[in-house]
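Participant: Please see the structure below; I have some questions.
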């Protein structure tokens, strides 16, 4: 019914939440970088923030609070502490996970 993902990379915590029928995790992270995690190792403060934001999103979902749309993303960049930005996740035509989000591939 609901999926929450807490991820880290590039000194940033990123938490996405997904509802049935909406954009998936592949839409939120549509690009694969060469080298992946080896280029930007995770550090403890970033993992902490990803877990904390994800815990808050789990509580919101459990109480029925939902942001508009079918997917939502929250960022916490360590380079600018205190700044949390959120926004909707649009369906991605090149999604590597699910090709049926209502978006036609170009």
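The values are calculated or read from the model by the stated rules, or taken from the named source; none is laboratory data. The shown structure was predicted, so the numbers you read here are calculated from the model rather than taken from an experiment. When we count neighbours, we look across all protein chains shown, and the Cβ atoms used for this are built from the backbone with ideal geometry, even at glycine.
Participant: So which residues in segment 1-12 are more than 9 Å from the chain's Cα centre (by Cα) and in a strand (DSSP E or B), if there are any at all?
Facilitator: Listed by number, the residues that qualify are 3, 8, 9, 12.
Participant: (1) modelled with pLDDT of 80 or more; (2) crowded, with 17+ Cβ neighbours inside 10 Å: which one isn't true of residue 87, the others all being true?
Facilitator: Every condition holds for residue 87 apart from (2).
Participant: Hey, among the residues in segment 36-63 that are in a loop (DSSP other than H, G, I, E, B) and modelled with pLDDT under 85, which one's nearest to residue 10 (Cα to Cα)?
Facilitator: Filtering segment 36-63 for residues that are in a loop (DSSP other than H, G, I, E, B) and modelled with pLDDT under 85, the one nearest to residue 10 (Cα to Cα) comes out as 40.
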